[in-house]
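FYI, it's all coordinate maths here, none of it is from the lab. Source: prediction; values computed, not measured. All Cβ positions, even for glycine, are placed from backbone atoms using ideal geometry, and neighbour counts span all protein chains on display.
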Amino acid sequence: MDLSGKKALVTGACGGIGQAIVEALKAQRATVAGTDRIACAQSDISIVGDLTDPVFCDGLPQEAAQQLDGLDIVINNAGVIRRGPVTEATDEDYAVSFAVNVEAPFRICRAAIPILADAGGGAIVNVASCWGVHPGPNHPIYCMSKAAVASMTQCLGHDHAHQGIRINAVCPNEVDTPMLRSGFESRGMDPDTAIASLNASVPLGRIAQPQEIADVVVFLASESARYICGTLVEVNGGKAVH
Ligand SMILES: NC(=O)c1ccc[n+]([C@@H]2O[C@H](COP(=O)([O-])OP(=O)(O)OC[C@H]3O[C@@H](n4cnc5c(N)ncnc54)[C@H](O)[C@@H]3O)[C@@H](O)[C@H]2O)c1
């Protein structure tokens, strides 16, 4: 999975999975531009911006390519989760979820594909979710948004393979990150206790660590996955969505 000489852009680079992706890409000797709402200390280049801003998303691949002196890999990892049944969802829940989880990857893919094509090919990996493939309870907006990313991955994966661009998605189930922990905190639960009980629901005996998602992202971005296009890879420890 050696990525020597490759230039990568990672969104959500300061988050739980994002940090692990940046570290895993760098461990394979890629040069990484990380973007988030705050500066990412661990990436080689940091681009600060808000993915709900369409102009920022449209310009992000070119900005990364300029700063990195090329672009081979794009990881659409940033995401937000808004919880609760549809009857409790606000317009803002819907707008932010679709802006970050769907519109941003759409805009970034649209802008990145010509850059990757001009360079002779490349790889895009989207971080979707098992909950976008198999709907889980009481998270309709999140599931809908992740289903859209999953579908976009399958569509673009087929449409742009002829340009040497492989587009795939990783679909995790529960991962031990701030996104998961903040959800327990907002419901008045102790995250460590809640995660211990969640671990017991996973056939492999524990929820995922961010590095276990990052390793699959790096695989899909690497030459080891050179014949994989438009695929949704579930990384779930054997746990089905209930
Ligand atoms: N943690 C899980 O259990 C889990 C499960 C399945 C899928 N995922 C997906 O994995 C991805 C990463 O999630 P995570 O668990 O690391 O979450 P996280 O909350 O730790 O990180 C998400 C990152 O995205 C960034 N982000 C959010 N909105 C943004 C915006 N408007 N502009 C710029 N950056 C923004 C945040 O600042 C944060 O650094 C997400 O797409 C998430 O949906 C997570």
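Below is a table of values for the structure above.
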read-out	value
Peptides 72-80, 122-130, 234-242 ordered by average Cβ neighbours within 10 Å, highest first	122-130, 72-80, 234-242
Lysines with Cα under 28 Å of LYS26, excluding same-chain neighbours fewer than 8 positions away	LYS6, LYS7, LYS146
Long-range amide H partners of CYS40 with built H, under 5 Å	ILE47
Chain lengthening between SER201 and LYS26 when straightened (0.36 nm per residue, less Cα-Cα)	59.7 nm
Extension gain from PHE184 to ASP159, taking 0.36 nm per residue of separation minus the Cα-Cα distance	5.0 nm
Interchain or long-range residues, amide H under 5 Å from ILE167's placed H	ILE124, GLY230
Per-bin percent of Cα-Cα distances, the chain [10 Å]	8, 34, 38, 17, 3, 0
Derived scalar couplings ³J(HN,Hα) [the stretch 39-54; Karplus, 6.51 cos²θ - 1.76 cosθ + 1.60; whole Hz; x for Gly, Pro]	5, 9, 5, 7, 8, 5, 10, 10, 10, 9, x, 10, 6, 7, 8, x
Reference-scaled alpha-carbon Rg (2.2 N^0.38 Å with N residues) for the stretch 112-154	1.49
